[in-house]
Amino acid sequence: MKTIAAFLRLVRWPNLVFIALTQLLFECCIFRKAYSHGMIAAGENRQFVFLCLASLLIAAAGYIINDYFDLNIDQVNKPDKVVVNVLINRRWVIFWHMFLSLMGLFFTVLALPIAQYWHLVLANIASIVLLWFYSTNFKKQLLIGNIIISLMTAWVIGILFLAKYPFDVREFLRADQDEIRFFRLTVVYTCFAFVISLIREVIKDMEDMEGDRKYNCRTMPIVWGLNASKVFVAVWIIVLVAALTILQLYVLPFGWWHSALYCMLFIVAPLVWILARLFKAQTPEAFHRLSSAVKMVMLTGILSMVFFGMYYS
């Protein structure tokens, strides 16, 4: 039982729940309501389940290999949470990374026939490779690692869209209103996922400065300094708050009062709170609280998809 609990910690099970919930809500509340209106083609459910499994397995493998290469840093930053070589042998950690990566690729191929979706299969292979190099190299470099993780977060939604509606410029120019609406909603949520993930990644770098500096990492707080990194995060928070506020002003004429109120109370207001606390934070504990708050905003942002299921029903 202790080993199972350690394995679940290793694969970051709460984050996997986030991924599954994101894809489930996108499938049920956006695709099936705003685009397909509940008319599901043959094999649609099977494709979704396999794509979701692929995303979860690839993400789990990424978390595993990250902990494998971060062992020394984690022993400084969070010694009480180390799993690798404490609860699970390093050889088994590598085995599980390889096994889960291969299974993720296997389910990708099952969901997306290579002849038609070779570019998406290749994209998931690239995701596996990028997560490996992120853990070995990119994570320690200025901004590159942050951008990679943010892109991986957005890709959780992007792959579902491209599996439903392969992007073709000529077809897009002939798209009907439902297809355009589906595309717009996909852009909104992929951009939100990218920006909120980028914000959280930089805050986590601030939290982990001590261990990162000891092992010669070149993360933003170490290279640019803490104050400049806070300004970087603050700018993105302001951009996100402004974009979300403008979006609510756009939907209000359609009578979307409930979604607008939800967004302002549970997404925008917490972001403003994070912004207010950001420049006061100095300790790892304070940055950890901010990181947890950003994660809650990620959750409330994901849950906002429910409103599209309500309004388009």
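The values are calculated or read from the model by the stated rules, or taken from the named source; none is laboratory data. Predicted model only: the values in this text are computed from it and were never measured. Every residue, glycine as well, gets a Cβ built from its backbone with ideal geometry; the counts of neighbours run over all protein chains shown.
Side notes on the structure shown:
- Against the list (1) hydrophobic (A, V, I, L, M, F, W, C); (2) part of a helix (DSSP H, G or I); (3) touching an Asp or Glu at 6+ places or on another chain (Cβ under 9 Å), the condition Val294 fails is (3).
- Residue in region 253-263 that is surrounded by 14 or more Cβ atoms within 10 Å (Cβ to Cβ), in contact with an Asp or Glu (Cβ under 8 Å, 6 or more places away or on another chain) and over 20 Å from Met296 (Cα atoms) present: no
- The criterion of being out of contact with any Asp or Glu (no Cβ under 8 Å at 6 or more places or on another chain), buried (at least 19 other Cβ atoms within 10 Å of the Cβ) and closer than 30 Å to Lys33 by Cβ does not hold for Phe183.
- When Phe31 is tested against the conditions (1) among the hydrophobic types (A, V, I, L, M, F, W, C); (2) surrounded by 14 or more Cβ atoms within 10 Å (Cβ to Cβ); (3) farther than 30 Å from Lys214 by Cβ; (4) within 18 Å of the chain's Cα centre (by Cα), the lone failure is (4).
- Test: residue in region 199-206 that is more than 18 Å from the chain's Cα centre (by Cα) and at pLDDT 95 or above: yes
- Single residue of region 45-73 satisfying the filter (of a type outside the set (A, V, I, L, M, F, W, C), surrounded by 19 or more Cβ atoms within 10 Å (Cβ to Cβ) and under 18 Å from Lys214 (Cβ atoms)) that is modelled with the lowest pLDDT: Asp70
- Pair list, Cβ under 6 Å, 6 or more apart: region 67-87 residue within 18 Å of Ala5 (Cα to Cα), other residue β-branched (Val, Ile, Thr): Asp67/Val84; Tyr68/Val84; Tyr68/Val93; Val84/Val93
- When residues of region 91-108 are limited to those that are of a type in the set (A, V, I, L, M) and in contact with a Phe, Trp or Tyr (Cβ under 9 Å, 6 or more places away or on another chain), the one surrounded by the fewest Cβ atoms within 10 Å (Cβ to Cβ): Ile94
- Sole residue being under 30 Å from Glu210 (Cα atoms) and in contact (Cβ under 8 Å) with a residue 60 or more places away in the chain, chosen from Leu110, Leu151, Leu131: Leu131
- In region 1-26, the residues that are over 13 Å from Leu57 (Cα atoms) and free of Cβ contacts under 8 Å to residues at least 12 places away in the same chain form Cβ pairs under 9 Å with partners that are among the aliphatic types (A, V, I, L, M) and surrounded by fewer than 18 Cβ atoms within 10 Å (Cβ to Cβ), at six or more places apart or across chains, as follows: Ala5/Leu87.
- Of the helices (runs of 4 or more DSSP H) lying entirely inside region 109-175, those carrying at least 3 residues that are surrounded by 12 or more Cβ atoms within 10 Å (Cβ to Cβ) and modelled with pLDDT under 95 are 114-136, 144-164.
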